[in-house]
Every structure is written in C-alpha cells, then in structure tokens.
Amino acid sequence: MSAPTSINRTVPRISLNRVEVALALGVSANTVDEMVDEGYLPQPKRWHTRKVWLISEIEAFMSEWPSDGMNKKTGGDADGDSWRASA
C-alpha cells in the first residue's frame, strides 16, 4: 500500500534563516551580516526572536548586483553605488 500523496510532497521554502542564507551563498554567517549592513542583502523579517530572509527578497537584491567586470567602459557607474536595491 502506498503512502498518501500529501506525505510525499515537500513544502516549498519561502524563507531561510541566517545560517541557511550563508550556506546558500557560500559565505559565513558573519559575512551575511556584513552584506546586510552594506546593502547587498535585505534586512531579515522578524517574528518574536526568530529572523528569516524571504528567498524572493534575496533574489531581488541579487538581481541588482553588478555583473563581474562592470566599470565605466562597460556601462557601470563611477561610484559603484547606484546598483544597490532600495528597500
């Protein structure tokens, strides 16, 4: 007898904790904090003491990161800050 379909389904993830964000990006948890402070990542959402990042917000911020090699000659801005996403 097979298990009910609902047991076999995985629930899609919509958020990650700090360690999971670090793991997904291949950096340390402290680097995640720095990336938030520098505007590379959004501020986490908070529920009581738990902090989570919405995957959709991480993706939106990352889509605004400059491509490798961006500079004046290739169309990047001179000060390097205009690419940052606004929260």
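Summary table
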{"read-out": "For region 33-49, 3J(HN,Hα) per residue [Karplus equation, 6.51 cos²θ - 1.76 cosθ + 1.60, θ = phi - 60°, Hz, x = Gly/Pro]", "value": "4, 5, 5, 5, 4, 8, x, 7, 10, x, 5, x, 7, 10, 10, 6, 9"}
{"read-out": "Net charge of Cβ neighbours under 15 Å - reference N17; Lys, Arg +1; Asp, Glu -1", "value": "+3"}
{"read-out": "Under 5 Å, built H, 5+ apart or other chain: amide partners of S15", "value": "I55"}
{"read-out": "Length added when fully stretched, R50-E34, from 0.36 nm per residue minus Cα-Cα", "value": "3.9 nm"}
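Bear in mind that the values in this text are calculations on the coordinates, not laboratory data. Values in this document were obtained by computation on a predicted structure and should not be read as measured data. As a convention, Cβ positions derive from the backbone with ideal geometry for all residues, glycine included, and neighbour counts pool all protein chains shown.
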